[in-house]
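In what follows, a single structure is set out as structure tokens and then discussed.
Throughout, read-outs are computed from the coordinates displayed, never taken from laboratory work. Keep in mind that this is a model prediction, so the values were computed, not measured. Neighbour counts run over all protein chains shown; Cβ positions are idealised from the backbone, glycine included.
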Amino acid sequence: MGIFAQRLVAHDFRSYESFELELDEGITVLVGPNAAGKTNLVEALQLLTAGQSFRRPSPVDLVRDGATRAELALSLAGDGRRLDMGMVSERGRRAFTRNGKRVPASGIRGVLPSVLFCPDHLDMIKRSASVRRAALDDFGVQLNESYAQLVSTYERALEQRNNLLKDRFAPRDLLSAWDETLITAGASVLVHRLALLERVRAHLVEVYASIAPRETVDVRYRASVGDIPTESSRDRDAVAGYLAAALAETREEETRRGMTLVGPHRDEIVFLIDGREARSFASQGQQRSLVLAWKIAEVEVTRDILGYNPLLLLDDVMSELDASRREAVVRFIADEIQTVITTTNLGYFTDELLRRAHVVRIGATEPEHEGGELG
Ligand SMILES: Nc1ncnc2c1ncn2[C@@H]1O[C@H](COP(=O)(O)OP(=O)(O)OP(=O)(O)O)[C@@H](O)[C@H]1O
Ligand SMILES: [Mg+2]
């Protein structure tokens, strides 16, 4: 069993005046030309499952041009439960509801988490380190209620501390006060990341092997404070000690450069294929396999932790994957994982998949071109 999304209703959200989407417990394919509103629906689903959107919109962006209030509702059901998630965006503010009651974003997360895979993620391996840290953190906040809080506490402390470091006349005891917050929150963030990455790694290695059996893959956390031995990685005090020592060591340089030089905000997540750093050595196809394996690993880690599958959102990625990687995706989805796939072209899917999927045409007013390019 598990929890499934059943029905999404949107009013004055993005390009939609009024729209209802029934979701299959298996696969729902949203097909339509460019700019039809497919990604808008994926975003709506992500907002009501992850409590955030990969587009990082301001609340105003979510409201349809010319309207004043956007509304979303998503009904979830399963395990004998019914839940209604809602979002309203009005007057520059966004608010979430759960069964009609106002909740913070954390009240939305963790019920039916979602894993999104979109073209933006395809070059995650070679982009800057912050992209990979964000991938891990965005995943982590869905699985642990307090993690989002920790990350924002750390970021706030970091900003304040950097401001003080830039200010030559700032009192030094103020800096020590922020050091404390930075170290406590930073150590917690590190402990969370290390544990989560370890869980992802186990699945990543396995999934990658099923996509590319002749290669071995690995992923490591490269902490800017230096090596954190595995036996200390779950001990917050020990990790705080490493962070404190590293801060003390870089203090002089920090003051000179006016910024905090060590801590979770400077860490790197390193992917290795056959022992070589994927960022500089992996081919385009290998990088895509890695990202695909990472996403599948996210699904599996969610299942390990919650006991049921997340909602899988595949926005426009099938066209970016070759036939064998597409097959790997389809094989993985099997029948159990509720999945929403967007595409401009049904030709990327096998007849077998289309037969069992619920296909919804988005914004298609012209005659249907089965299997042809709609865009
Ligand atoms: N707040 C808004 N009000 C009105 N229209 C909006 C708003 N936000 C986005 N749009 C429009 O929604 C349209 C559809 O966007 P969307 O990204 O969902 O298309 P898509 O079907 O995913 O297209 P593609 O296949 O190119 O990815 C865009 O033309 C965009 O301008
Ligand atoms: Mg799109």
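Some notes on this structure:
- Amide H partners (placed H, <5 Å) of Asn309, local residues excluded: Ile3
- Computed from phi, the 3J(HN,Hα) profile of region 93-101 under the Karplus parametrisation 6.51, -1.76, 1.60 (θ = phi - 60°) reads 10, 10, 9, 9, 10, 10, 6, x, 9 Hz, with x in place of Gly and Pro.
- Taking a ≥ b ≥ c as the square roots of the eigenvalues of the Cα gyration tensor, region 140-207 is prolate, since a/c reaches 1.5 or more and a/b is larger than b/c.
- Span-like helix ranges in the chain, DSSP H, alpha carbon extent 24 angstrom or more, Kyte mean at least 0.5: 172-211
- Backbone geometry of region 355-363 corresponds, through the Karplus equation with coefficients 6.51, -1.76 and 1.60 at θ = phi - 60°, to 3J(HN,Hα) couplings of 5, 8, 8, 8, 9, 10, 8, 10, x Hz, x marking Gly and Pro.
- When Arg222, Arg201, Arg93 are sorted by how many other C-beta atoms sit within 10 angstrom of their C-beta, beginning with the fewest, the order is Arg93, Arg222, Arg201.
- About its Cα centre, the chain has a charge dipole of approximately 900 debye under the convention of +1 per Lys or Arg Cβ and -1 per Asp or Glu Cβ, with nothing else charged.
- Three-way shape label, region 166-325, alpha-carbon gyration tensor, a/c 1.5: prolate
- The separation of region 190-260 from region 303-327, counted between C-alpha centres, amounts to 26 Å.
- Net charge in the neighbourhood of Leu197 (other residues with Cβ under 12 Å of its Cβ; Lys, Arg +1, Asp, Glu -1) is +1.
- The calculated FRET efficiency for the pair His358 and Ala77, based on their C-beta separation and a Förster distance of 22 Å, comes to about 0.85.
- Fewest-first sequence of Tyr308, Tyr242 by Cβ atoms within 10 Å of each Cβ: Tyr308, Tyr242
- Cβ crowding within 10 Å ranks Trp178, Trp294 as Trp178, Trp294, fewest other Cβ atoms first.
- Whole-Hz couplings from phi, Karplus 6.51/-1.76/1.60, listed for region 103-113; x for Gly and Pro: 9, x, 3, 5, x, 8, 5, x, 7, 10, x
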